[in-house]
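The structure under discussion appears below in the form of structure tokens.
The values are calculated or read from the model by the stated rules, or taken from the named source; none is laboratory data. On a predicted model such as this, the values are computed, not experimentally measured, just so you know. Positions of Cβ are generated from backbone atoms using ideal geometry, with glycine treated the same way; all protein chains shown enter the neighbour counts. Protein only, heavy atoms only, side chains kept; ligands, DNA and RNA dropped before computing areas. Shrake-Rupley method; radii C 1.70, N 1.55, O 1.52, S 1.80 Å.
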Amino acid sequence: ASPGYSFITYKSILSSSITSCVRYDTFITISPLFHVFGQVNIMLTAIYSGGKVVLLRKFSPKAVLESIQAHRVTFMAAVPTMYLMMLTHLENPNTAGFDLSSLRVCHSGAAPMAKEVFKRVELAFGAMVQEGYGLSEASSIVTSNPYDGVIL
């Protein structure tokens, strides 16, 4: 074990990395891999589950949507502002028409997502929204809505 880390820390990181994946998921992220979410919930989760990761250097609604379609992405992680920008792109008749049917989960974090946006994302992307709260000191996600949860 590394100095300053305990077995509990490693177990916490492993637990965080296996909670939201399905075997062979394909992840897409714009999140930096030097941040705990990118490291644990994207990179380590993909490694643990035998999946793959589609990395984008910078955010562009069009690039993300094209990548989801091209790579048959099943798990996307973004912040609410990014989802709003992608919704604007999808809801514009001139830029609509992406096949997002492979998506299973749209993870959202870093800020609360408004209930109206939550519903629009689920409808436009055809996937459930998993909104989570976490922090680096807790090895990433601390809590999130359940997959079969209900929006009140």
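Where does the charge balance sit around T26 when Lys and Arg score +1, Asp and Glu -1, over other residues with C-beta under 10 Å from its C-beta?
Residues close to T26 contribute a combined charge of +2.
Which value, in Å², gives the accessible area per residue of the stretch 37-115 when a 1.4 Å probe is used on the protein heavy atoms? Spell out each step's value before the answer.
On the way: 3860 Å² over 79 residues.
Per-residue accessible area for the stretch 37-115 comes out at 49 Å².
Pop the C-beta distance of L33 and E122 into the FRET formula with R0 = 35 Å and round what comes out to the nearest 0.05.
On the way: r = 27 Å, r/R0 = 0.77.
Given R0 = 35 Å and the Cβ-Cβ separation, E is 0.80.
Output needed for the stretch 28-99: three equivalent-ellipsoid semi-axes, defined as square roots of 5 times the C-alpha gyration tensor eigenvalues, in descending order, whole Å.
With the √(5λ) rule applied to the stretch 28-99, the semi-axes are 23, 14, 9 Å.
What nm distance separates the two modelled labels at K62 and A114, each placed 7 Å from Cα along Cα→Cβ?
For the pair K62/A114, the computed spacing is 2.6 nm.
Assuming 0.36 nm per residue, please report the length gained on full extension of the stretch Y48 to H71 beyond their Cα-Cα distance.
Extra length available between Y48 and H71 comes to 6.3 nm.
In nm, to one decimal, how far is the T81 label point from the Y24 one, both placed 7 Å along Cα→Cβ?
3.7
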